[in-house]
Amino acid sequence: MKVIDLTHTIFEQTPVYPGTPQPALETLSTYEKDGFRETLLTLASHTGTHMDAPAHIFADGMTLEHIPAQQFVGTALVLSCSDLQAGEQITMRYIEQARPLADKVDFLLFNTGWSKHWGTDAYFGDYPYMTEEVADYLINSGKKGVGLDVIGVDPISDANLTIHNKIFSQSQMVIVENLIHLDQIGEGVFTFCALPLKFRNADGAPVRAIAIVES
């Protein structure tokens, strides 16, 4: 069994969505003074590799702490979209190329290769994004969730968050954003785990996302 970490490390200069406060890590206790170390974390709920809940978009949407934990674990498939250029769309052709497996798994993860821009201004530029047709497929095939190595399922220019609205108005899917290392998984089915921090009224939360690949 091989475990691949798909999660960005959170630190003070972690790239955040434009307008979001940077995370802060403040030392509360030290070995010298207290005999142990403790850190105060201050961060937005959608910092780093994170999960969006329906409550991210809708006032009456479900929050993460009320979603059963089984929703966060399941079979998954990575679809390579690394041929896409800036601003191009993730279309159904990427799903059709692996349709038999794509239909069966709980999660689809789209590897656009955009994580290489993490830490640069380009990361928040014209990244590849999903079409509404792909969102409809995910909804209609009963997926537990979708994941990407970009900041969002909508283009950064879409203030209406069209794809977020479609997914969360028609399903209880979760969306995992800012994944990394998707190119290390391979083409087969694997187990995906993305466990969000559990806090009250969670519209979203950082996750520790991993892929478990059988040898």
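Scanning the range 19-72 for residues that are over 19 Å from LYS198 (Cβ atoms), touching a strand residue (DSSP E or B) at 6+ places or on another chain (Cβ under 9 Å) and among the aromatic types (Phe, Trp, Tyr) yields a single hit, PHE36.
Within the range 90-111, residues that are more than 14 Å from ALA211 (Cα to Cα) and among the hydrophobic types (A, V, I, L, M, F, W, C) sit with their Cβ atoms under 8 Å from residues that are open to solvent by 10 Å² or more (accessible area, probe 1.4 Å) and part of a helix (DSSP H, G or I), at 6+ positions apart or across chains, in these pairs: MET92/GLU133; MET92/TYR137; ILE95/TYR137. Restricted to strands (runs of 3 or more DSSP E) entirely inside the range 1-60, those with at least 2 residues that are over 14 Å from the mean Cα position of the chain (by Cα), in contact (Cβ under 8 Å) with a residue 24 or more places away in the chain and under 23 Å from ILE175 (Cβ atoms) are 2-5. The sole residue among GLU32, GLU88, GLU38 that is charged (D, E, K, R), within 21 Å of ASP136 (Cα to Cα) and open to solvent by 40 Å² or more (accessible area, probe 1.4 Å) is GLU88. In the range 122-143, the residues that are of a type in the set (Asp, Glu) reach residues that are part of a helix (DSSP H, G or I) and open to solvent by 40 Å² or more (accessible area, probe 1.4 Å) with C-beta atoms within less than 8 angstrom, at least six apart or across chains, in these pairs: GLU132/THR162. The sole residue among ILE167, ILE180 that is assigned to a loop (DSSP other than H, G, I, E, B), touching a helix residue (DSSP H, G or I) at 6+ places or on another chain (Cβ under 7 Å) and modelled with pLDDT of 95 or more is ILE180. Is there a residue being surrounded by fewer than 22 Cβ atoms within 10 Å (Cβ to Cβ), in contact with a Leu (Cβ under 6 Å, 6 or more places away or on another chain) and hydroxyl-bearing (Ser, Thr, Tyr) anywhere in the range 92-115? Checking the range 92-115: at least one residue is surrounded by fewer than 22 Cβ atoms within 10 Å (Cβ to Cβ), in contact with a Leu (Cβ under 6 Å, 6 or more places away or on another chain) and hydroxyl-bearing (Ser, Thr, Tyr).
Among all positions in the range 150-160, there is at least one residue which is over 26 Å from MET1 (Cα atoms), of a type in the set (Gly, Ala, Ser), in a loop (DSSP other than H, G, I, E, B) and open to solvent by 40 Å² or more (accessible area, probe 1.4 Å).
The values are calculated or read from the model by the stated rules, or taken from the named source; none is laboratory data. Note that the structure is predicted; figures quoted are calculated from it, not measured. No Cβ is skipped: glycine too gets one built from the backbone with ideal geometry, and neighbour counts run over all protein chains shown. Areas reflect the complete protein model, heavy atoms only, side chains present, ligands, DNA and RNA absent. Shrake-Rupley method; radii C 1.70, N 1.55, O 1.52, S 1.80 Å.
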